[in-house]
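So the structure is just underneath, and the comments pick up after that.
The values are calculated or read from the model by the stated rules, or taken from the named source; none is laboratory data. From a predicted model like this one, the values you see are computed outputs, not experimental measurements. We place every Cβ from the backbone using ideal geometry, glycine too, and count neighbours over all the protein chains shown.
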Amino acid sequence: MTPSQRAEQRLERRLSLELAPFDRRALGLAVGATSALAVVLLTIASLVVDAEGRFPLNLLSNYFSGYRVSWPGAGVGAAWGFVAGFCGGWFLAFVRNLIVTLWIMKVRIAADVKSSREVLDQI
């Protein structure tokens, strides 16, 4: 095997890994868990460190029904944070997969048109 063939195989392997579709459910779970943890940690930090309420974390109650800056509110916020994060992560993976698929289709169509032009030029 020549060095150029090995380089081409490495490039194909790398491209296949980079253009592989994201798992929507896995990304949703990861972003959801991270969002839930962030809401819990921010709520606890606000309760412990910011007793005067200088950080307006209570504004999350406008988006998360039942959320309050309290110990039980941390659980409610975690549930809502997980749901919002899951939806955001799932949608992010969906859009990324769609964009990559459309780009691959564009490249393939352009290659087909180019190859058919070369054939038609020789007739």
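Values as computed for the structure displayed
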item	result
Qualifying residue in the stretch 95-111 (condition: surrounded by 10 or more Cβ atoms within 10 Å (Cβ to Cβ), within 16 Å of V31 (Cβ to Cβ) and not aliphatic (A, V, I, L, M))	yes
Qualifying positions in the stretch 48-68 - more than 15 Å from A79 (Cβ to Cβ) and surrounded by fewer than 16 Cβ atoms within 10 Å (Cβ to Cβ)	V48, V49, D50, A51, E52, G53, R54, F55, P56, N58, L59, N62
Sole exception among (1) modelled with pLDDT of 95 or more; (2) more than 23 Å from the chain's Cα centre (by Cα); (3) of a type outside the set (V, I, T) for R24, by number	(2)
Hits in the stretch 8-47 (condition: hydrophobic (A, V, I, L, M, F, W, C) and not in a helix (DSSP H, G or I))	L19, A20, F22
Any chance A84 is at pLDDT 90 or above, closer than 30 Å to E18 by Cβ and more than 27 Å from the chain's Cα centre (by Cα)	no
Among residues of the stretch 1-43, those that are within 25 Å of G66 (Cβ to Cβ) and loosely packed, with under 13 Cβ neighbours inside 10 Å, counted	1
Odd one out for S65, checked against (1) under 30 Å from L98 (Cα atoms); (2) small (G, A, S); (3) in a loop (DSSP other than H, G, I, E, B)	(1)
